[in-house]
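For reference, the structure is listed below as structure tokens.
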Amino acid sequence: MSKDLIIPFEHQQSAHCETGVISNLMRFHGLRVSEPMAFGIGSGLFYSHMPFIKMNGIPVTSYRILPGHIFKRFSRSVGVEMRRMRFRDPASAMDALDRVLDQGLPVGMLTSVFYLPYLPKAFRFHFNGHNIVVFGREGDEYLVSDPVMDATTRIHRNALVRARFAKGMPNTSGRMYYPVRVPTDADLRTAAARGLRRTARDMVNTPLPMFGAKGIPYLAGKLRNYERRLGERDARLALGNLIRMQEEIGTGGAGFRFMFAAFLQEAATLLDRPSLREHAQAMTRIGDQWREFAFEAGRMCKGRAEAGSTYDTLADRLVELGRLETALFRELARSGKA
């Protein structure tokens, strides 16, 4: 049995697990970077509606890039050297965790939300892409900094093993990671400018119709046919799952837009580009409209839709959101070349 160990780790609650872990781990290693800045440098904002990938039988709609890619992009841009590990069996995974903790290093890892007993039952569902940080152990329990929690918590060794090796997609495989080199003098200015350019480019120049800003009206076209193609009951179920992907899984559609707006506010000062504050305000308004779409769609799912609210009016909202995001990111792409 390994002896008790507590690493002095500063926990800060975050809006999203991956960006929260980045910010908290960087702070431990002496590089102070906010969660929105980590999100922006990592070019985390995106949009996709993928009929060919399904979760619980429903096509996946995502408002960010693939899980793990924000950390990878951030690390490359800032010059952080990461050690990433995956395992075939729980025993070797837990031994490796203990060895790194014994070096005085907190460890990030991928877990299943469903098997984290400290989360309220209402928040647990089968999603294997949740990031946490383990920063110590006491007896049979490990100390956990979960970015979505307001304080640190703890988890029994057996429960942690189950969360690290949950079946399903993605395959967690006991994945863990930790920085081995963090430049405290990193050039955040250059990294922020690069992240901003990449986000703008990806949102307006990705060629396939279901990706980037053009993916939003693409979903609108699908939404118009929900009731005719699925029937009233299944159409409501599909719409409910769409809202869940937008507002409950990760930070969701509006949440990621608000986080990107906060990045633009920081970048305006860091890059000495005051115009980015106006773009931040525009992105905040877009986030508000995503929330309004979710509210209207939620009422429809519950059979409480206001007069005149139909799948067509919801689709019209999406078309307008696509237009607004396309215009904003085209302007950001142009200004980034200046």
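Here are some notes:
- Here the label points at GLN13 and ASP185, each 7 Å from Cα along the C-beta direction, are separated by 3.8 nm in the simple model.
- Here's how it looks for PHE46: its modeled amide H is under 5 Å from those of ARG64, ILE65, which are all 5 or more places away or on a different chain.
- For the chain: relative contact order, % (alpha-carbon pairs under 8 angstrom, 6 or more apart): 21
- Overall form of the chain per C-alpha gyration tensor (a/c, 1.5; a/b vs b/c): oblate
- Extending 7 Å from Cα along the Cβ direction at THR313 and again at PHE295 yields two label points whose distance is 1.4 nm.
- In the stretch 79-115, the trypsin sites (Lys or Arg not before Pro) that fall in loop regions by DSSP, at most 11 other Cβ within 10 Å: ARG88
- Computed per residue of the chain from DSSP H runs no shorter than four, each worth -39500 (n - 2.57), the mean residue ellipticity at 222 nm is -16500 deg cm²/dmol.
- Amide H contacts of TYR118: none lie under 5 Å away among residues 5 or more positions distant or on a separate chain (H built 1.01 Å from N in the peptide plane; Pro and chain starts excluded).
- Nearest-ten-degree value, helix 17-28 long axis tilted from longest Cα axis of the chain: 40
- A cut-off of 5 Å between modelled amide H atoms, ignoring neighbours fewer than 5 places along the same chain, links ARG83 with TYR178, VAL180.
- Sites GLU306 and ARG229 - FRET efficiency at Förster radius 22 Å, r taken between beta-carbons, to 0.05: 0.40
- One decimal place: the segment ARG32-GLN281 gains 87.2 nm when fully extended, by the rule 0.36 nm per residue minus the C-alpha distance.
- Degrees, to the nearest 10: 275-301 long Cα axis against longest axis of the chain: 80
- With neighbour counts taken as other beta-carbon atoms within 10 Å, the residues LYS54, LYS222 rank, fewest first, as LYS54, LYS222.
- The stretch 188-337: C-alpha gyration tensor shape, a/c 1.5 cut-off, then a/b vs b/c: prolate
- Counted by neighbouring Cβ atoms within 10 Å, the residues ARG233, ARG198 run from fewest to most as ARG233, ARG198.
- Cα-based shape type of the stretch 44-198, given that a ≥ b ≥ c are square roots of the gyration tensor eigenvalues and the cut on a/c is 1.5: oblate
- Each residue of the stretch 37-43 is assigned a 3J(HN,Hα), and the resulting list reads 5, 4, 5, x, 4, x, 6 Hz, derived from the Karplus form 6.51 cos²θ - 1.76 cosθ + 1.60 (θ = phi - 60°), x at Gly and Pro.
- Nearest 10 degrees, 0 to 90: helix 252-270 Cα axis against the chain principal axis: 70
- A full extension of the chain between ASP102 and ARG88 corresponds to an added length of 2.8 nm, given 0.36 nm per residue minus the alpha carbon distance.
- Computed from phi, the 3J(HN,Hα) profile of the stretch 184-197 under the Karplus parametrisation 6.51, -1.76, 1.60 (θ = phi - 60°) reads 6, 9, 4, 7, 5, 4, 5, 5, 5, 5, 5, x, 5, 4 Hz, with x in place of Gly and Pro.
- Listed values for the stretch 150-158 are Karplus-derived 3J(HN,Hα) couplings in whole Hz (6.51 cos²θ - 1.76 cosθ + 1.60, θ = phi - 60°), namely 7, 8, 5, 9, 9, 9, 5, 3, 5, and x replaces Gly and Pro.
Computed from the coordinates by the stated procedures, all read-outs in this text should not be read as laboratory data. Since we're looking at a predicted model, the values are computed, not measured. With ideal geometry, Cβ positions are generated from the backbone for all residues, glycine too; neighbour counts draw on all protein chains shown.
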